[in-house]
Amino acid sequence: MNPDASTIAAGAPIEVDLSPIAEGQDIKVFWRGKPIYISHRTKKQIDEARSVNVASLPDPQTDEARVKSGHEQWLVVIGICTHLGCIPIAHEGSYDGFFCPCHGSVYDTSGRIRQGPAPTNLAVPPYQFVSDTKIQIG
Amino acid sequence: MSGPSDYQPSNPALQWIERRLPIFGLIHSSFVAYPTPRNLNYWWTFGAILSFMLGMQILTGVILAMHYTPNADLAFKSVELIVRDVNYGWLLRNMHAVGASMFFVAVYVHMFRGLYYGSYKEPREVLWILGVIIYLLMMATGFMGYVLPWGQMSFWGATVITNLFSAVPYVGESIVTLLWGGYAVGNPTLNRFFSLHYLLPFVIAGVVVLHVWALHVAGQNNPDGVEPKTEKDTVPFTPHATIKDMFGVACFLLLYAWFIFYMPNYLGDADNYIPANPGVTPPHIVPEWYYLPFYAILRSIPDKLAGVIAMFGAIIILCFLPWLDTAKTRSSKYRPLAKQFFWIFVAVCILLGYLGAQPPEGIYVIAGRILTFCYFAYFLIVLPLLARIEKPRPVPNSISDAVLAKTGSRSTPMVSTAIVLALAGSLFAGSIDSAKAAEGSDKPPGNTWSFSGPFGKFDRGALQRGLKVYKEVCASCHGLSFVAFRNLAEPGGPGYSVAQAAAFASEYKVKDGPNDAGDMFERPGRPADYFPSPFANEQAARAANGGAAPPDLSLITKARSYKRGFPWFIFDVFTQYQEQGPDYVAALLQGYEDKVPEGVTLPEGSYYNKYFPGHAIKMPKPISDGQVTYDDGSPTTVAQYSKDVTTFLMWTAEPHMEARKRLGFQVFVFLIVFAGLMYFTKKKVWADSH
Ligand code: FES
């Protein structure tokens, strides 16, 4: 009962052009039926993400480990709450990141879990930069 | 099923069969001559009610499956077409959807009855465990059935529930992918759920056969919990139990019919009238009411894995009940302490159900934790402890002694019935509508609608005026894609003639094709065409309207609601109030205010509306006084427009409402007469058995 060949084929990597996304904005694209948030973070958001004491987080991970170096302003995460799979809303919640309406999990500007029942940070999908304004997800 | 029978049919043809396959003997010994304790009360009729409901669900389900399309793009529409176009499709669908809830009402009563009278004790452990297995299968079947209409709640319910398995360490993710057949809930998921939803009821039927078999080997328990000893303690199954069960089923049917014909949407969620959208999670996800206590347990535990374990543990623990409660006395009737704790336990379950429907914040979380503790404490602490310390009252020597002792005071059935009603009523506690329109907005004022109540009918004038308003105002942005022009001439609708509907249709341009040259072309509409939508697709609609796509209006009055709150949702069952949707739509159309109250800042391109959740609505004030002319002299005010167009939209959401209520009345008359006949027949049959 695992995914059939056509489903797997449809899950091939996709390319996304980042140039239309202004600073402070984000877009949602679908890959493998999952919403992927790509946000163009502001300076303030990056600083917020980097200034926390990593050891105090429920799922310790540095912001550096969650973005590609040289492209700190881009956060790419799978927009699926790690609790039970709802779609968190961007730019909401007390950490300026994401807020899940289902059972109230709050994520910060790096997509890390800060509050609520979700056990882990928002997952980072496999992706790389093909050029400065284009990424390939998958 | 209790050993070889010496039954011989008198008809020679039947004798011929009987000698080769002793099936009549089996039926005779199991359902005719079978000795049943003579002191059974009405709580024991729920076994028959459950068998009846299982049959009902299978029957309606098989017919529905003939019309349903299990495809993510078509499922929602095919359900709507069943309701609108299939002969008595609305009835089938209501029977099946309400039937699921009624099935669970009955199974909960049946389980609590077993709990109260100790029906799980030696020698009925296997019987009880088979029952728990049936219950688990029912939960799985019910869940998968709820996914099939592919509305918002279906989709997100499926997402949340399947994700429960991701809590399993190491293999969790692969299990979930296996369940989905993809990387998210999608078309493969819908297909396999449909297949399993069709299969599992037959598995249930199989386990029910085992359950009944085990029952007939161990014999029925009874309210006094003493085994039948002599002939005097029992009566033959037919006619005594048969007729009593028939009366029980007839009464249960009255409750069932109340929901089928008068409140079909009360037990569902308004969000499920919005087609599934993988990009938007509804603000408040609630499962069906019968899962709410377990959902509350899941949410009250802050750790994901532990929460899932607790939730499944809450059901699995029932299997161990026969070994947790070791008290010798079966029936709580003779156990003063167990009796009290039983009722506390019932209250805990109902409260957990209530909490399951509330948002997981503040006091609700704390209350949930306490009640979760109480739930498990009942099984793990209270019952084992009571078995040691409680001093039960002496049980009667035999069933006939118990019956004789009781003949003086025979008021119990009345009390029982009252408790059944109260319990059933409060179990619906969970089915509170989603908090959709509640947060941060005023409650819409109630209206008097011509279509409310058991004899409600649409006001034809209002329907015709509402159609005019829709056509001249709403139609520029909102589609009406489930309504065809032919519907305008159908009984129970605006009352146009077939010719008028055809003329109305021909004013529209409809896209058709491809023609012989392979091109698409436009032609005048025909009665069979559906109202054309103003935008080619959702993206176009979104782009043209500042990012918020105007919703299709066919189902809007059923897809919107607001929270009624305690205790209104209980009164609503009796008053048949179910006009939250129309009240909300009418209020929204009149709720625009030019002056934004202080302290509220509206995002760009939004307007202030008193009744819209969050107040900032993207739709500008759609209509003002005098905008549409009426030929029949009705006032051309916003208030009147709103009322008319809402009435029209109620009709588009439920074109067969008048037929539903009319048939409902006939069914009620029949059922009341039938139940009465059964009652008096039962009295006669039992006259000298008490
Ligand atoms: S699914 Fe996001 S908090 Fe539960």
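A few notes on this one:
- Leading residue at positive end of dipole, chain B (Cβ point charges), from B:Asn265, B:Pro239, B:Pro278: B:Pro239
- With Cα atoms, 0 to 90° folded angle of helix B:187-218 axis to chain B main axis: 20 degrees
- Cα centroid of the stretch B:230-270 to Cα centroid of the stretch B:654-684, whole Å: 13 Å
- Distances between placed amide hydrogens fall under 5 Å for A:Gln25 paired with A:His40, all partners being 5 or more residues away or on another chain.
- Mean sequence separation of contacting Cα pairs (under 8 Å, at least six apart), scaled by the length of the stretch A:1-136, corresponds to a relative contact order of 22 percent.
- Converting phi to 3J(HN,Hα) with the Karplus coefficients 6.51, -1.76 and 1.60 and the offset θ = phi - 60°, the stretch B:247-252 yields 5, x, 5, 4, 5, 5 Hz in sequence order, with x at every glycine or proline.
- Dimensions of the stretch B:537-687 from C-alpha coordinates, computed as largest minus smallest value along each principal axis and given longest first, are 77, 41, 33 Å.
- Full extension of the chain between B:Ala543 and B:Thr238 gives 102.9 nm of extra length, using 0.36 nm per residue less the Cα-Cα distance.
- Annotation: amide H-H contacts under 5 Å for A:Gln115 (H modelled 1.01 Å from N, sequence separation of 5 or more, or interchain): A:Val106.
- Euclidean distance of C-alpha centroids, the stretch B:155-170 and the stretch A:75-101, integer Å: 17 Å
- When the stretch B:1-125 is described by a simple charge dipole with +1 on each Lys and Arg Cβ and -1 on each Asp and Glu Cβ, the residue from B:Phe103, B:Thr45, B:Val86 located farthest towards its positive end is B:Thr45.
- Listed values for the stretch B:472-486 are Karplus-derived 3J(HN,Hα) couplings in whole Hz (6.51 cos²θ - 1.76 cosθ + 1.60, θ = phi - 60°), namely 8, 10, 5, 4, 5, 10, 9, x, 9, 6, 8, 9, 9, 4, 4, and x replaces Gly and Pro.
- Distance between the modelled labels on B:Glu361 and B:Ser195, one decimal in nanometres: 4.3 nm (7 Å Cα→Cβ projection).
- Semi-axes of the equivalent ellipsoid for the stretch B:1-56, computed as √(5λ) from the eigenvalues of its C-alpha gyration tensor and ordered from largest down, come to 28, 15, 9 Å.
- Between B:Val207 and B:Asp512, full extension at 0.36 nm per residue minus the direct alpha carbon distance yields a gain of 104.5 nm.
- Computed from Cα atoms, the angle from the helix B:152-163 axis to the main principal axis of chain B rounds to 50 degrees.
- Projecting label points 7 angstrom from Cα along Cα→Cβ for B:Phe571 and B:Ile58 puts them 4.4 nm apart.
- Computed over Cα pairs, the Kirkwood radius of the protein assembly as shown leads via Stokes-Einstein (1.002 mPa s, 20 °C) to a diffusion coefficient of 71 µm² per second.
- The stretch B:18-48 residues near the modelled B:Lys339 label - backbone nitrogen below 20 Å, point 7 Å along Cα→Cβ: B:39-44
- Listed residue pairs exceeding 19 Å between alpha carbons, taken from B:Lys471/B:Lys661; B:Lys443/B:Lys558; B:Lys77/B:Lys468: B:Lys471/B:Lys661; B:Lys77/B:Lys468
- Each Lys and Arg Cβ is given +1 and each Asp and Glu Cβ -1; about its Cα centre, chain B then shows a dipole of about 2100 debye.
- Here's the picture: a label point sits 7 Å out from the Cα of B:Val280 along the beta-carbon direction, and within the stretch A:73-91 the residues with their amide nitrogen under 19 Å of it are A:79-81, A:86-91.
- Modelled spin-label separation between A:Ala12 and B:Ser497, with each label point placed 7 Å from Cα along the Cα-to-Cβ direction: 6.1 nm.
- Alpha-carbon Rg/Rh ratio, for chain B, with Rh computed the Kirkwood way: 1.01
- Computed from phi, the 3J(HN,Hα) profile of the stretch B:356-369 under the Karplus parametrisation 6.51, -1.76, 1.60 (θ = phi - 60°) reads x, 8, 8, x, x, 9, x, 4, 5, 5, 5, 4, x, 5 Hz, with x in place of Gly and Pro.
- In this structure, the amide hydrogen of A:Tyr127, modeled 1.01 Å from its nitrogen in the peptide plane, lies closer than 5 angstrom to those of A:Gly138, counting only residues at least 5 positions away or on a different chain.
- Helical mean residue ellipticity (222 nm; -39500 (n - 2.57) per DSSP H run of 4+; nearest 500) of chain B: -16500 deg cm²/dmol
- Annotation for the A:B interface, with buried accessible surface near 1900 Å², both sides summed [1.4 Å probe; non-protein components not counted].
- Counting, for every residue in B:151-161, the Cβ atoms of other protein chains within 10 Å of its Cβ and taking the mean gives 2.
- Only protein heavy atoms count here; on that basis, with a 1.4 Å probe, B:Ile17 has an accessible area of about 70 Å².
The values are calculated or read from the model by the stated rules, or taken from the named source; none is laboratory data. It should be emphasised that the depicted structure is a prediction, and the values quoted were computed from it without experimental measurement. As a convention, Cβ positions derive from the backbone with ideal geometry for all residues, glycine included, and neighbour counts pool all protein chains shown. Quick note on the areas: whole protein, heavy atoms, side chains included, nothing else; ligands and nucleic acids left out. Shrake-Rupley method; radii C 1.70, N 1.55, O 1.52, S 1.80 Å.
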